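A.B. asks: Please find one structure pasted underneath; my questions will follow.
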Amino acid sequence: FRVLVAEISRVLFHEAMRDVRLRPVTVRTPLADCPSQVVADKVGLVPVLRAGLGMAAAMLDAFPEAVVWHVGLYRDHVTLKPVEYY
């Protein structure tokens with residue numbers, strides 16, 4: 001299950017990052033300077049506790065510079081409305 005969640009998360013992450021703004025940089029290599037691009041904006045991952053934690057871990061593997069914020073929700077059994085607890 002964890003392997004499948006990680007695979008799906010990586011695909012989702014790459015799709016979500018498709019429109020991210022990039023800025024040009026030059027990378028110095030032993031052979032020559034190489035033009036490249038880096039993510040221009042701060043990227044934040046917001047997993048909904050607990051189900052989203054496995055997804056966030058896989059996305060952090062792909063983009064370790066991202067910051068992680070957490071949201072805790074559960075569904076009230078009477079009203080069926082989401083309740084935020086964290």
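The values are calculated or read from the model by the stated rules, or taken from the named source; none is laboratory data. Here the structure is a predicted model, which means the values were calculated and not measured. Cβ: placed from backbone, ideal geometry, glycine included. Neighbour counts: every protein chain shown. Ligands, DNA and RNA are excluded from the accessible area calculation, which covers all protein heavy atoms including side chains. Shrake-Rupley method; radii C 1.70, N 1.55, O 1.52, S 1.80 Å.
A.B. asks: Which of the residues spanning the stretch 21-67 are in a loop (DSSP other than H, G, I, E, B) and open to solvent by less than 50 Å² (accessible area, probe 1.4 Å)?
C.D. replies: 40, 43, 47, 52, 63, 66, listed by residue number.
A.B. asks: Tell me, yes or no, whether the stretch 43-53 has at least one residue that is on the phi > 0 side of the Ramachandran plot, out of contact with any Cys (no Cβ under 8 Å at 6 or more places or on another chain) and at pLDDT 90 or above.
C.D. replies: Within the stretch 43-53, not a single residue is on the phi > 0 side of the Ramachandran plot, out of contact with any Cys (no Cβ under 8 Å at 6 or more places or on another chain) and at pLDDT 90 or above.
A.B. asks: Then there is this: Applying the selection to the stretch 4-20, what residues are part of a helix (DSSP H, G or I) and β-branched (Val, Ile, Thr)? Break it down stepwise before answering.
C.D. replies: We begin by selecting, within the stretch 4-20, every residue part of a helix (DSSP H, G or I); these are 4-19.
Within the stretch 4-20, 5, 8, 11 qualify.
A.B. asks: Just to be sure before I move on: is residue 1 farther than 21 Å from residue 86 by Cβ, open to solvent by 40 Å² or more (accessible area, probe 1.4 Å) and either at pLDDT below 95 or in contact with an Asp or Glu (Cβ under 9 Å, 6 or more places away or on another chain) (or both) in the structure I sent?
C.D. replies: Criteria met by residue 1.
A.B. asks: Further question on the same structure: Could you please find all residues in the stretch 9-20 being open to solvent by less than 60 Å² (accessible area, probe 1.4 Å) and not aliphatic (A, V, I, L, M)?
C.D. replies: Within the stretch 9-20, 9, 13 meet the criteria.
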